[in-house]
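Inspection log for the structure reproduced underneath, given as structure tokens.
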Amino acid sequence: MPEGFDMKWAAVAIAASVGVVAILGMFMTSWMISPKRPSAQKGIAYESGIPPREYRWSQINIRYYIFGLLFLIFDVEAVFLFPWTVTFLKSPAIVFYEMLVFLGILLFGLLFAWRKGALDWR
Amino acid sequence: MNEFNWTFVAIAVLGLFGLFSFLATVVLSLTWYERKMLARIQMRVGPSRVGPHGLLQPVADVFKLMAKEDVRPDVSSKSLFWIAPVLVLVPAFLVWITIPFADGLVVQPQDLGLLYVVAISTLGIVGLLLAGYTSASKYSVLGGIRAAAQLVSYEIPIIVVVLAIAILVQSLDLRDVITGNEVVIGERVITFNGQGAIPFAAIMPLGAVIFLIAGLAELGRTPFDIHHAESEVVGGPFLEYSGAHWAVFFLAEYFNTFVIAALTVLLFFGGWSWPSPPESIFGTALEEWQTDALGVAWFLFKTYLVIGLFFWFRGTYPRLRIDQLMAFGWQILIPLSFVNLILMAIVMFYEWPLWAMPAISVPLLAATAYLAARRNDRKVNTGSVTLYRRQKRADGGNELVPPAAATYEEAGARGAGN
């Protein structure tokens with residue numbers, strides 16, 4: 001492990017717990033001072049003033065999943081690119097050209113999806 | 001102090017609570033700033049009753065939100081419903097621990113600062129999606145899914161622009177982005193003097209514009225606020241929340257606004273570094289805390305300017321439709337951001353001078369804006385009025401627009417005839 005690795009990530013863990021504690025503090029304060037008068041009317045989900053139907057989860061357009069898949073591809077690619085950015089100048093020239101080929105394939109994929117109409121929301 | 005010890009933990013906890021309170025105070029000031037600025041744009045007065053110039057209005061709002069009853073739909077999943085706000089706010093807070101306010105004034109610097117920032121800020125999507133899904137309300141589900149689609153789409157341009165910055169600086173540490181970095185590779189020495197004199201916006205104008213637009217979309221602020229658009233999905237994922245839980249979402253939104261503005265300033269406008277060292281401006285030697293205070297002041301000043309720009313957009317632009325939004329992200333911003341990345345890599349690899357970047361990217365930006373505007377013009381021309389006229393002409397009529405109906409009955413009759 002590199003120098004100070006555990007300290008750096010311990011700080012992240014501590015920050016996360018501080019955040020959680022601060023939020024729970026807010027919730028506790030609110031719980032202590034806020035009124036609690038539940039009623040059947042308050043427990044109904046908002047649907048423009050009419051009583052909601054039995055099935056409460058609406059259907060979701062398939063487009064969202066296509067964009068989800070595309071995002072996954074580009075996000076994984078970003079993880080490959082991060083180490084490359086700081087090392088390709090120190091490495092042999094092949095590393096630079098190889099990443100250009102990789103990006104070319106990726107952008108070809110984007111172009112393919114575009115031509116297929118996957119990027120247009122219809 | 002490289003060993004884990006409890007003194008460190010105690011200091012860290014105190015410092016982090018301090019940071020949290022500082023951020024909460026900033027959020028209060030931002031809400032006042034936003035309301036006052038929007039009011040001025042719309043020729044209103046804005047908050048003016050509570051305190052001088054309405055300055056205490058945000059405090060009054062906090063008390064109001066705290067004292068409100070927490071309501072939850074009966075059918076929603078109780079534990080997940082209450083956890084979702086935490087999952088949104090904690091990542092928004094975690095980003096802040098690695099953002100430097102001044103040289104050395106940072107809770108915990110990370111060697112992988114740039115990667116850390118983009119990775120953690122994406123986590124908030126999970127909370128939004130969960131909030132939308134567990135609310136068991138149709139509008140909430142739609143809003144949550146829309147939020148996820150929008151945020152993941154605009155995350156990619158941000159990541160790719162950050163990659164270009166990393167190539168330029170040859171480091172992933174946020175402090176190096178401001179103060180400069182020196183890399184020795186064989187006989188070549190890449191010296192980068194920091195952003196004091198020449199901010200990155202001058203070297204990488206394409207990147208700066210992409211980051212600003214994508215950052216705005218990442219926040220879900222107007223014109224990109226489709227996931228909590230009042231007229232479409234009412235309140236989006238936050239629809240069923242009230243009281244303190246809604247306040248936490250609100251807090252997270254402003255944390256993120258502040259973080260995107262701060263990142264814009266850090267990555268493109270020089271962060272805390274003065275155009276020339278403060279010593280030369282004030283003519284005397286400054287102590288360390290004075291230099292730090294000046295740096296923080298300068299950093300916050302620029303950040304507030306960028307946030308003001310965001311609020312100005314909110315007062316000026318109408319909302320995009322979801323198809324326009326996704327098409328803009330995927331067909332314009334993502335290809336452009338990759339062009340920016342490859343250009344940066346080529347400039348560094350072939351050792352071109354750095355002014356080649358703006359020389360190529362400014363005409364590119366102008367050409368893209370022109371082409372995009374032309375494409376949108378064509379779409380406007382085939383709108384409903386054009387289609388109506390075309391149909392009329394095909395039917396042999398010469399009536400360009402329907403004349404106003406004389407009576408109510410006539411209008412009814414015409415409607416029935418169609």
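Taken over region B:309-341, the criterion of being in a helix (DSSP H, G or I) and of a type in the set (Ser, Thr, Tyr) is satisfied by B:316, B:337.
Within region B:313-327, being in contact (Cβ under 8 Å) with a residue 24 or more places away in the chain and within 12 Å of chain A (Cβ to nearest Cβ) holds for B:320, B:321, B:322, B:325, B:326. Residues in region B:328-340 that are over 15 Å from the mean Cα position of the chain (by Cα), more than 8 Å from chain A (Cβ to nearest Cβ) and not hydrophobic (A, V, I, L, M, F, W, C): B:337, B:340. When B:136, B:131 are screened for being out of contact with any strand residue (DSSP E or B) (no Cβ under 8 Å at 6 or more places or on another chain), modelled with pLDDT of 85 or more and within 28 Å of residue A:24 (Cβ to Cβ), only B:131 passes. Taking residue B:228 as the residue in question, decide whether it is touching a residue at least 12 places away in the same chain (Cβ under 8 Å), within 11 Å of chain A (Cβ to nearest Cβ) and at negative phi. Judged against the criteria, residue B:228 is not a match. Within region B:45-87, being farther than 11 Å from residue B:245 by Cα, hydrophobic (A, V, I, L, M, F, W, C) and either buried (at least 20 other Cβ atoms within 10 Å of the Cβ) or within 11 Å of chain A (Cβ to nearest Cβ) (or both) holds for B:62, B:63, B:67, B:75, B:87.
You will find that of B:306, B:259, B:265, the residue that is in a helix (DSSP H, G or I), within 14 Å of chain A (Cβ to nearest Cβ) and under 30 Å from residue B:361 (Cβ atoms) is B:259 and no other. In region B:95-120, the residues that are outside the structural domain of residue B:218 (by TED's automatic domain parsing) never reach a residue that is among the hydroxyl-bearing types (Ser, Thr, Tyr) and not in a helix (DSSP H, G or I) with C-beta atoms less than 7 angstrom apart, at least six apart or across chains.
The set of residues in region B:171-194 that are surrounded by fewer than 15 Cβ atoms within 10 Å (Cβ to Cβ) and within 12 Å of another protein chain (Cβ to nearest Cβ) comprises B:184, B:185, B:186, B:188, B:189. Checking the structure you have, find out if any residue of region B:21-32 is within 11 Å of another protein chain (Cβ to nearest Cβ), within 29 Å of residue B:141 (Cα to Cα) and either out of contact with any His (no Cβ under 9 Å at 6 or more places or on another chain) or surrounded by fewer than 17 Cβ atoms within 10 Å (Cβ to Cβ) (or both). Yes, because at least one residue in region B:21-32 is within 11 Å of another protein chain (Cβ to nearest Cβ), within 29 Å of residue B:141 (Cα to Cα) and either out of contact with any His (no Cβ under 9 Å at 6 or more places or on another chain) or surrounded by fewer than 17 Cβ atoms within 10 Å (Cβ to Cβ) (or both). The residues of region A:65-93 that are surrounded by 15 or more Cβ atoms within 10 Å (Cβ to Cβ) and touching a strand residue (DSSP E or B) at 6+ places or on another chain (Cβ under 8 Å) amount to a single one, A:89. Looking across region A:72-96, the residues that are over 16 Å from residue B:153 (Cβ atoms) and aromatic (Phe, Trp, Tyr) come down to A:80, A:82, A:84, A:88, A:96. Candidates in region B:344-361 are the residues that are outside any loop (DSSP other than H, G, I, E, B) and free of Cβ contacts under 8 Å to residues at least 24 places away in the same chain; of these, the one that is nearest to the other protein chains (Cβ to nearest Cβ) is B:349. Residue count for region B:97-135 under the criterion of being under 13 Å from residue B:255 (Cβ atoms) and at the interface with chain A (Cβ under 8 Å from one of its Cβ atoms): the result is 1. Within region A:41-64, one or more residues are within 25 Å of the chain's Cα centre (by Cα), more than 7 Å from every other protein chain (Cβ to nearest Cβ) and crowded, with 16+ Cβ neighbours inside 10 Å. Applying the set (1) surrounded by 14 or more Cβ atoms within 10 Å (Cβ to Cβ); (2) more than 9 Å from chain B (Cβ to nearest Cβ); (3) at pLDDT 90 or above to residue A:103 leaves exactly one unmet item: (2). Listed by first and then second residue, the pairs with beta-carbon distance under 9 Å, at least 6 apart or on different chains, first residue in region B:23-45 and outside any helix (DSSP H, G or I), second of a type outside the set (Ser, Thr, Tyr), are B:42/B:315; B:44/B:38; B:45/B:36; B:45/B:39; B:45/B:54.
The values are calculated or read from the model by the stated rules, or taken from the named source; none is laboratory data. In this text, all values refer to a predicted model and were calculated from it rather than measured experimentally. Please note: Cβ atoms are built from the backbone with ideal geometry, for glycine as well, and neighbour counts cover all protein chains shown.
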